[in-house]
Amino acid sequence: NAVAAMLVEDDNIDEIRDNARRRGEDKVRQQLGAEIVASKIEVVEENKPGSDKRRLGIVLAIACVAAIALALGLVFGLSSDDTEPTLVSFESRVPTAQLEPTQAPSLFPSSQPSFATAPPTQQETLLRNSLIRQVAIETSGAEYFSGSNSTRQDALDWMINEDVLTVSNTTESIIKERYIVTLAYLSMTGELLTLPNKFLSANLTTCEWGSDINPARQQPFIQCDDDGRVTSLHFREAGLIGTFLHELGALERLQFFDFASNGMSGHLPTELGDLTNLVYFDISLNNIDGILPTEFDKMVSLQALHLFWNPNLGGVLPSSFSRLQSLQVQGTNLTDLQNICGPGNMGGFFLSNCFEDDVECTCCQVCCTAALDFELCGPPNAP
């Protein structure tokens, strides 16, 4: 532009034009003419009055156009989500192969949490009821459901009609143990019952039924493992009456069986010998009669056996009980105590009944006789 301005002021411009024409450089002539015309226009425009205002107007017009374009870009870049619009960033125009899309965090959940599950279909309900009935019959035996006043039928009816946690895909082991605890509650409760009132709450698990602490034992009434399987029954001084159920022998993972100081009576079921994981067995201070089942010999994990003060309980202690760490049989009619004093004796704490002269137990630390302090051999408050 500066060269063009100089050419305008040059008085020899015509001579230069003539020389260019003579050389036939049409291209140079056209370029030079354009530059001259542009320079003249610029000079004239600059010298016109009000040119500054026009330039300002042009600048403002350009600014307005730019603002409008920016506003349109923002409007069309809005997210299609009506609830939470999000401006489209520069990165959103990058191909997805180069940039992972991200979602802005929301202060509110997309939907409200639901605490209700969809009601089961008719097919699922039929499958559930059939499964519960099958498990109950296999656990108790079909002969126990023939009578109209069967407690086992009552337990089955509660499971089918009241229980809301058992569904069609609940494992058979969980159903079985829930049925057994339900049956025990219905058949062994008495007027002096001290079990928590949340037993048989339809919306609680079997473990939650007995989660309260038994003050006589300082342990929960029922304890379970991580799979929800029953491992402990601490029902000491719970006001229970009745007989021990053979179904209790189906609690496969049971380790602690404490029904001491209740009003239980009758024979001990042979099925209790199936509790091969049992570590502690205490039925002292009840009214158990009959013979100690020989099947108890199968309790290979047993470490403590407390049978004391069941005067009508008799039988012979198997030699395998020599491995026990604690054996208390005073106040019973168990005989042949010398069987536990064999080579496998581990030196546990053994209390025997020596009220009769012919009782022999060379490995018993305490022999309870009529002359001995009754505080040790009598009914204790704790095992």
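If a residue must be of a type in the set (A, V, I, L, M, F, W, C), touching a residue at least 40 places away in the same chain (Cβ under 8 Å) and within 20 Å of ASP258 (Cβ to Cβ), how many such residues does the stretch 181-218 contain?
8
Scan PHE257, PHE244 and give me the residue that is crowded, with 20+ Cβ neighbours inside 10 Å, touching a Pro at 6+ places or on another chain (Cβ under 9 Å) and under 23 Å from ASN277 (Cα atoms).
Sole residue among the options that is crowded, with 20+ Cβ neighbours inside 10 Å, touching a Pro at 6+ places or on another chain (Cβ under 9 Å) and under 23 Å from ASN277 (Cα atoms): PHE244.
Tell me the strands (runs of 3 or more DSSP E) entirely within the stretch 180-251 that contain at least 1 residues that are closer than 22 Å to PHE296 by Cβ.
Result: 230-234, 241-243.
For the stretch 298-312, give me the residue count where each residue is open to solvent by 70 Å² or more (accessible area, probe 1.4 Å) and closer than 12 Å to LEU275 by Cβ.
Here the count works out to 2.
Quick check on my filter: what residues within the stretch 152-178 are part of a helix (DSSP H, G or I), of a type in the set (Val, Ile, Thr) and surrounded by 18 or more Cβ atoms within 10 Å (Cβ to Cβ)?
ILE174, ILE175
For the stretch 179-221, which positions are open to solvent by less than 10 Å² (accessible area, probe 1.4 Å) and either more than 19 Å from GLY239 (Cβ to Cβ) or in contact with a His (Cβ under 7 Å, 6 or more places away or on another chain) (or both)?
Residues satisfying the conditions are TYR179, ILE180, ASN214, PHE221.
What pairs come out if I take residues in the stretch 302-314 that are in a strand (DSSP E or B) and pair them with residues that are open to solvent by 10 Å² or more (accessible area, probe 1.4 Å) whose C-beta lies under 6 Å away, six or more apart or interchain?
Within 6 Å, the pairs are ALA304/TYR280; ALA304/SER326; HIS306/GLN328; HIS306/PRO383; GLY314/ILE291; GLY314/ASN333.
Among the basic types (Lys, Arg), under 23 Å from LEU127 (Cα atoms) and touching a residue at least 12 places away in the same chain (Cβ under 8 Å): which single residue out of ARG178, ARG236, ARG253 fits that description?
Of the residues listed, the single one that is among the basic types (Lys, Arg), under 23 Å from LEU127 (Cα atoms) and touching a residue at least 12 places away in the same chain (Cβ under 8 Å) is ARG178.
Which condition number does THR332 fail, the rest of (1) open to solvent by less than 10 Å² (accessible area, probe 1.4 Å); (2) modelled with pLDDT under 95; (3) under 45 Å from the mean Cα position of the chain (by Cα); (4) of a type outside the set (Lys, Arg) being met?
Failed condition: (3).
Across the stretch 277-297, what is the total count of residues that are open to solvent by 60 Å² or more (accessible area, probe 1.4 Å) and in contact with a strand residue (DSSP E or B) (Cβ under 6 Å, 6 or more places away or on another chain)?
Of the residues in the stretch 277-297, 2 are open to solvent by 60 Å² or more (accessible area, probe 1.4 Å) and in contact with a strand residue (DSSP E or B) (Cβ under 6 Å, 6 or more places away or on another chain).
Looking for something at pLDDT 95 or above, assigned to a loop (DSSP other than H, G, I, E, B) and open to solvent by 30 Å² or more (accessible area, probe 1.4 Å) - is there at least one such residue anywhere in the stretch 262-276?
Yes, the conditions are met somewhere in the stretch 262-276.
Quick grid of which residues meet (1) of a type in the set (A, V, I, L, M); (2) farther than 19 Å from VAL230 by Cβ; (3) in contact with a Cys (Cβ under 8 Å, 6 or more places away or on another chain):
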position: GLN255; (1), (2), (3): no, no, no
position: MET264; (1), (2), (3): yes, no, no
position: ASN287; (1), (2), (3): no, yes, no
position: PHE296; (1), (2), (3): no, yes, no
position: GLY314; (1), (2), (3): no, yes, no
position: VAL329; (1), (2), (3): yes, yes, no
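The values are calculated or read from the model by the stated rules, or taken from the named source; none is laboratory data. Just so it is clear, the structure is predicted and the values come from calculations on it, not from any experiment. Don't worry about glycine lacking a Cβ; one is built from the backbone with ideal geometry, like all the others, and counts go over all protein chains shown. These accessible areas exclude ligands, DNA and RNA; they are computed on the full protein's heavy atoms, side chains included. Shrake-Rupley method; radii C 1.70, N 1.55, O 1.52, S 1.80 Å.
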